[in-house]
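Q: Just dropping this structure here.
The values are calculated or read from the model by the stated rules, or taken from the named source; none is laboratory data. Please read these numbers as outputs of a predicted model, since none were measured by experiment. Every residue, glycine as well, gets a Cβ built from its backbone with ideal geometry; the counts of neighbours run over all protein chains shown.
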Amino acid sequence: GSGHGFKLGPALGEFVADRVIGKKEVDPFFALSRFNNNLKKKTQFNSFLPGSS
């Protein structure tokens, strides 16, 4: 490997620890709740999706 895991390990560890103790909120971009909305988003690729109109 190239050492990316070793390089990113401390930052990831700090992030996870802060989340476990409730110190930081997750940025909305990374929040799992963003997958809960059932709104269909219009994209340039909709015409390629089955069942899209």
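Q: Residues in region 41-51: is at least one assigned to a loop (DSSP other than H, G, I, E, B), on the phi > 0 side of the Ramachandran plot, surrounded by fewer than 10 Cβ atoms within 10 Å (Cβ to Cβ) and modelled with pLDDT under 85?
A: From region 41-51, those assigned to a loop (DSSP other than H, G, I, E, B) are 41-45, 49-51; that's our starting set.
Keeping just the survivors that are on the phi > 0 side of the Ramachandran plot gives 51.
In the following step, the residues that additionally are surrounded by fewer than 10 Cβ atoms within 10 Å (Cβ to Cβ) were identified as 51.
Going one step further and asking which of them are modelled with pLDDT under 85, we end up with 51.
Yes, region 41-51 contains at least one residue that is assigned to a loop (DSSP other than H, G, I, E, B), on the phi > 0 side of the Ramachandran plot, surrounded by fewer than 10 Cβ atoms within 10 Å (Cβ to Cβ) and modelled with pLDDT under 85.
Q: Quick one: in region 17-36, of everything that is over 14 Å from the mean Cα position of the chain (by Cα) and of a type outside the set (Lys, Arg), which residue is surrounded by the most Cβ atoms within 10 Å (Cβ to Cβ)? Walk me through it before giving the result.
A: At the first step, the residues of region 17-36 found to be over 14 Å from the mean Cα position of the chain (by Cα) are 17-24.
Next, from what is left, pick out any that are of a type outside the set (Lys, Arg): 17-18, 20-22.
Values: Ala17: 11, Asp18: 13, Val20: 8, Ile21: 8, Gly22: 7.
Across region 17-36, the extreme among qualifying residues is Asp18.
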